[in-house]
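Engineer: Please find one structure pasted underneath; my questions will follow.
FYI, it's all coordinate maths here, none of it is from the lab. Just so it is clear, the model here is predicted, and its values are computed rather than measured. Cβ placement follows ideal geometry from the backbone for every residue including glycine, while neighbour counts extend to all protein chains displayed.
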Amino acid sequence: MEIVKSTMTPYKEALNCLSSLIIPRTRADASTIRFDLMFDYLKILELEGPVSQLNVIHVAGTKGKGSTCTFVESILRNCGFRTGLFTSPHLIDVRERFKIDGVEISQEKFLTNFWWCWNRLREKTNDDVPMPFHVCFLALLAFKIFSVEKVDVAILEVGLGGKYDATNVVKAPIVCGISSLGYDHMEILGNTLGQIAGEKAGIFKQEVPAYTVPQPEEAMSVLRDQASHLSIPLRVVSPLDTEILKDQQLGLHGEHQYLNAGLAIALSKSWLQRTGHEESIFLNNTQNTLPEQFVRGLTMANLPGRAQIISDPSFEQLVFYLDGAHTPESLEVCGKWFSSVVREETQSAKSCKSEQILLFTCLSVRDPRLLLPPLVNSCASHGIRFTRALFVLNQSAYNMFGAHATTQDEPQVDVSWQLTLQKVWDNLIHGGKGKKQEELNTAKGDESSSVFPSLPLALNWLRENAQRNKSIRSQVLVTGSLHLVGDVLRLIKK
């Protein structure tokens, strides 16, 4: 019998294996049973010792934890340390989650470590200890990569919650941080800020310093109680003073990033102090100045998909403003950032007309009635109003691990959720005089909103619109979902 060899590349094969570990995300994902299995996986992979030797900075939060981790990594890398950064989610390629010295890991190193973990887990797991969920596998892979690469510091962003997150198997981090808290993933973490704060505070450990930013009192009281229970001080840090950077700008844009930068500075200082490196960095600095290495780190930090601006390669006048905001609070901040950038660009090019278009989607577990008003009101308060809103599927034809896309139209695409978003939008904009939910727009005439069955179709419409109106600068805000932001980036770069 003839044996047919697979034409699949080793990398694609690894991505398919990862995809096989995906399960629907429910409250069961955060169960203690699944979290306890992480310790079994560490034993199988013989990673207990290596993980205990990592000098970890652990960060949880609702908003800004990825930005905080990015600032920390950049600061400590500029201080001369070999850094490992583990974040989620990725935008285009899963390797974005694993950075060594600020650069995503190569395919070769990814595959070497991936198959090392995969083969051992496939051999040793059973009915009692099954293969890990994909989020658990990715955390295990990060531990393996950072151990092999012998990083000086491992910065770990919590994926979801904190107490039962896969990264929380680290028993003795050097320092912990909690970024801004808000309402998100309530189907898993709880319906109140207090419950959400309790899950986030699950990363606190005895004898490990903890830092946070100003929080709503309901959340802050829970964080304080948890810290007190562990007999550790909880320090609340202030936003970075804009004067400290003088004429330089943070590498991550938006006023809210000064709060994340303040937390990152505190975490970096604590890590340097507790690892015996503080004196060498701060030796010749006065009390009110930051070391040069810190300033470089803050100004050179880079995080795609957050307050990112990119022009379409085919049409210079078509510009995308990308931000993965997906909570009421972060969408309000996103609107403020978008408005400020649009106003600045308008002032610098007074002769050029412009229009603002919204490209939006969100998960069906989120309430668009809570998400869209803060965005619209924030923009409107700064004089920015969208001429049209486009609603697309939350995920295009790409899968979450970076497989290739297809632009073929799906004949049976369910757009009921996007029609719901459209109805909320039309009611918001037209004061309850919106279109019927069952009506599917086709982006014609002067309609103020449209639904598209695929992201490529929406991008095609934007490009055709730019072609028809060459004298107008189309400023497209892409927000509501990091998956959407990643898909737009991937399509633009193609």
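Engineer: Taking amide H positions as placed 1.01 Å from N in the peptide plane, with prolines and chain starts having none, which residues 5 or more places from Ile472, or on another chain, fall under 5 Å of its amide H?
Structural biologist: Counting only residues 5 or more places away or on other chains, the set is empty.
Engineer: Sequence-distant or interchain residues sharing an amide H contact under 5 Å with Ser481, placed H: which?
Structural biologist: The list, which skips near neighbours in sequence, is Thr361.
Engineer: Under the 0.36 nm per residue contour assumption, what length would be gained going from the current alpha-carbon distance of Gln273 and Asp101 to full extension?
Structural biologist: Taking Gln273 through Asp101 to full extension adds about 59.8 nm, to one decimal.
Engineer: Hey, another quick one. Over 28 Å between Cα atoms: which of Lys124/Lys144; Lys144/Lys494; Lys63/Lys494; Lys124/Lys150 fall into that group?
Structural biologist: Lys144/Lys494; Lys63/Lys494
Engineer: To continue, here is another question. Would you kindly derive the ³J(HN,Hα) couplings of segment 165-173 from the backbone phi angles with the Karplus curve 6.51 cos²θ - 1.76 cosθ + 1.60 (θ = phi - 60°), listing them in order in whole Hz, with x for Gly and Pro?
Structural biologist: Values per residue, Gly and Pro as x: 6, 4, 6, 7, 6, 5, 7, 9, x Hz.
Engineer: For segment 59-214, with the dipole built from +1 on Lys and Arg beta-carbon atoms and -1 on Asp and Glu ones, taken about the Cα centre, which of Ser67, Ile155, Thr167 lies farthest toward the positive end?
Structural biologist: Comparing the listed Cα positions along the dipole, Ile155 ranks first.
Engineer: Another question, if that's okay. Where the only charges are on Cβ atoms (+1 Lys, Arg; -1 Asp, Glu), what is the dipole of the chain about its Cα centre, to the nearest 20 debye?
Structural biologist: I would put it at about 560 debye.
Engineer: Could you work out the relative contact order of segment 222-293, using alpha carbon pairs under 8 angstrom and six or more residues apart, expressed as a whole percent?
Structural biologist: In percent, rounded to a whole number, it is 26.
Engineer: Below 8 Å, C-alpha to C-alpha, sequence gap of six or more: please give me the relative contact order for segment 10-300 in percent.
Structural biologist: 24
Engineer: So which trypsin sites (Lys or Arg not before Pro) in segment 272-353 pass both tests, a DSSP loop state and at most 12 other Cβ atoms within 10 Å of the Cβ?
Structural biologist: Lys350
Engineer: Still on this structure, I have one more. I'd like the Karplus ³J(HN,Hα) series for segment 200-206: coefficients 6.51, -1.76, 1.60, θ = phi - 60°, whole numbers in Hz, and an x wherever there's a Gly or Pro.
Structural biologist: Karplus-based 3J(HN,Hα) across segment 200-206 equals 5, 5, x, 7, 5, 10, 4 Hz.
Engineer: Suppose a student asked you for the relative contact order of the chain, using Cα pairs under 8 Å spaced at least 6 residues apart; what percent would you report?
Structural biologist: 16
Engineer: Right, something else. Considering only DSSP states other than H, G, I, E and B, which GluC sites (Glu not before Pro) in segment 294-346 qualify as loop sites with at most 16 other Cβ atoms within 10 Å?
Structural biologist: Glu316
Engineer: Also: What size of dipole, in debye to the nearest 20, comes out for segment 80-126 about its Cα centre when the only charges are +1 on Lys and Arg C-beta atoms and -1 on Asp and Glu C-beta atoms?
Structural biologist: 220
Engineer: What does the charge add up to near Lys99, with Lys and Arg as +1, Asp and Glu as -1, over the other residues with Cβ less than 10 Å from its Cβ?
Structural biologist: Overall, the nearby charge balance is -1.
Engineer: Long-range amide H contacts for Phe386: which residues qualify at under 5 Å (H placed 1.01 Å from N, peptide plane, sequence gap of 5 or more or a different chain)?
Structural biologist: Result for Phe386 returns nothing.
Engineer: Based only on other Cβ atoms within 10 Å, what is the fewest-to-most ordering of Leu428, Leu375?
Structural biologist: Least crowded to most crowded, the residues run Leu428, Leu375.
Engineer: Work out from phi, with θ = phi - 60° and the Karplus expression 6.51 cos²θ - 1.76 cosθ + 1.60, the ³J(HN,Hα) of each residue of segment 329-344, listed in order in whole Hz, and give x for Gly and Pro.
Structural biologist: Once θ is set to phi - 60°, the couplings for segment 329-344 become 5, 6, 6, 5, 5, 4, x, 5, 5, 4, 4, 5, 5, 4, 5, 4 Hz.
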